[in-house]
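Chemist: Below is a structure I'd like to ask you about.
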Amino acid sequence: MSGLYIHIPFCEKKCIYCSFYSIESFANKNRFLDALHREIAQSGEIPPVKEEREEVRTIFFGGGTPSMLSPDEMSAILDSLRAAHTVVGDAEITMECNPGALNRDWLEGYREGGINRLSFGVQSFHDDELQFLSRIHTAAEAEENIRLVRDVFDNVSLDMIFALPGQTPERWHYNLERAVDLGTDHISAYSLIFEEGTPLNAMRLKGKVNPAPNDLEADMYEETVQFLARHGLEQYETSNYAKAGYACRHNIGYWERKSYTGYGPSAHSFARRGVLGKRWANVSSLNAYLESIESGGSPVIMREELTSEQGMEEIVMLGLRYRGINLYDFKEAVGEELTSVAPERVEWLLKEGFAQLDEDSLRLTAKGSIFADRFALEIIEATERSRQLSSI
Ligand code: SF4
């Protein structure tokens, strides 16, 4: 079982916080589509024969803004994917889109072409917050588009951002209320990250904006978990909430470290072997991507076999954000039990009520889930220290 990710590298306007690869020019769209079809047909990084490739259960169109492509263009990409891979009949097929430029005809066209899940980048229902994030839409346009999307699609997710500079808990609560009132099935709610290289981070470095204080961010996070649970959207990953049956199968594949193949500029791929495997990544430049494929070459610029250390890091980082660290996978990657290499960290997490330990996993409690990334780093460091000591 595996997933496919297709990166569509176009955006109408770049948002100040975004570190994903995308460009504002649409000039090379047709060249991009030709190159993408070629890449899908010729990928040399996975078994060359379709029958030897893993069955595909999920497809995710991300970016960028995939909804800048027409339904016919999206359907043609899906045809290429089906020609190159065995896609199961009930595959989850998600497309990311942005409020502002959607219409009913195109939405129906996407659905008829096979897309069955829409992930909608809304971020906020306050106009001033949207302007700060340099989003292209207003809150009213987002609401109107969500109603339209809900008319056409049964499975709709909203992306939201909290802990914006100056945002109060009341204003975040209003955003959550609007999302719930509009009948969303799934919400991804992330705190604002000041990613290196983004205009937002440059503003922070110049002292023009300040990140929200940690305790305020923690309060907003707790409110998110509780408010959404009261409205039937249970937390199933640190930043993701869904009604029963609506958890995102594609993203679960990432967290469970299933194999996936990425196509398009900047797309990453992973072929799992045991608890380790092979990773590769395409070049993060449309021009370089086009040149490599048009000259008969490969857009892949990074290939690596995971070391046991990298495997351990992934098992811990991804596990703690989802269903817990899989203790069998950890032992296979490290060669020792988690409770042997990081006994003090594990004991402390259990004593403080941040985690629970059972036969199969170490998983965070609701109280511990906000600190998933921090606890993961602590366990990784403790494991690495223990391995260094044992190698002396
Ligand atoms: S629309 Fe999405 S992908 Fe495009 S710049 Fe904004 S956040 Fe990034």
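The values are calculated or read from the model by the stated rules, or taken from the named source; none is laboratory data. Values in this document were obtained by computation on a predicted structure and should not be read as measured data. Positions of Cβ are backbone-derived with ideal geometry, glycine not excepted, and every protein chain shown enters the neighbour counts.
Chemist: Let me confirm something: among Ser67, Ser2, which residue is among the polar types (S, T, N, Q), closer than 21 Å to Asn103 by Cβ and out of contact with any Pro (no Cβ under 9 Å at 6 or more places or on another chain)?
Modeler: Being among the polar types (S, T, N, Q), closer than 21 Å to Asn103 by Cβ and out of contact with any Pro (no Cβ under 9 Å at 6 or more places or on another chain) holds for just one of Ser67, Ser2, which is Ser67.
Chemist: Considering only the range 45-63, I want to know if a residue exists there that is within 16 Å of the ligand (Cβ to nearest atom), modelled with pLDDT under 95 and surrounded by 15 or more Cβ atoms within 10 Å (Cβ to Cβ).
Modeler: Looking through the range 45-63, at least one residue is within 16 Å of the ligand (Cβ to nearest atom), modelled with pLDDT under 95 and surrounded by 15 or more Cβ atoms within 10 Å (Cβ to Cβ).
Chemist: If you go through the range 212-219 one residue at a time, do you hit one that is among the charged types (D, E, K, R), in contact with a helix residue (DSSP H, G or I) (Cβ under 7 Å, 6 or more places away or on another chain) and at pLDDT below 95?
Modeler: Yes: one or more hits.
Chemist: Quick one: which of Leu349, Leu318, Leu377, Leu389 is closer than 30 Å to Glu45 by Cα and assigned to a helix (DSSP H, G or I)?
Modeler: Selected residue: Leu318, the only one of Leu349, Leu318, Leu377, Leu389 that is closer than 30 Å to Glu45 by Cα and assigned to a helix (DSSP H, G or I).
Chemist: Okay, moving on. Filtering the range 1-35 down to residues that are touching a strand residue (DSSP E or B) at 6+ places or on another chain (Cβ under 6 Å) and among the hydrophobic types (A, V, I, L, M, F, W, C), which residue is farthest from the ligand (Cβ to nearest atom)?
Modeler: Met1
Chemist: May I pose another question? Search the range 292-318 for residues being touching a residue at least 60 places away in the same chain (Cβ under 8 Å) and touching a strand residue (DSSP E or B) at 6+ places or on another chain (Cβ under 7 Å), and hand back the single one that is nearest to Gly264 (Cα to Cα).
Modeler: Among those residues, the one meeting the criterion is Pro299.
Chemist: Within the bounds of the range 248-268, is there any residue that is of a type in the set (D, E, K, R) and more than 27 Å from Ile325 (Cβ to Cβ)?
Modeler: no
Chemist: OK, next. Of the numbered conditions (1) touching a helix residue (DSSP H, G or I) at 6+ places or on another chain (Cβ under 9 Å); (2) within 14 Å of the ligand (Cβ to nearest atom), Pro199 fails exactly one; give the number of that condition.
Modeler: Failing condition for Pro199: (1).
Chemist: Assess whether Asp128 counts as being free of Cβ contacts under 8 Å to residues at least 40 places away in the same chain, under 30 Å from Ala76 (Cα atoms) and not in a strand (DSSP E or B).
Modeler: In short, no.
Chemist: I need the full set of residues from the range 226-272 which are of a type in the set (A, V, I, L, M), assigned to a helix (DSSP H, G or I) and surrounded by fewer than 18 Cβ atoms within 10 Å (Cβ to Cβ), in order please.
Modeler: Ala229
Chemist: With out of contact with any Leu (no Cβ under 7 Å at 6 or more places or on another chain), exposed (fewer than 15 other Cβ atoms within 10 Å of the Cβ), polar (S, T, N, Q) and within 22 Å of Thr94 (Cβ to Cβ) as the only criterion, which of Ser19, Ser25 stands out?
Modeler: Ser19
Chemist: Separate question: Select from the range 134-156 the residues that are farther than 28 Å from Gly245 by Cα and surrounded by fewer than 15 Cβ atoms within 10 Å (Cβ to Cβ) and write down the one among them that is farthest from the ligand (Cβ to nearest atom).
Modeler: My answer is Ala140.
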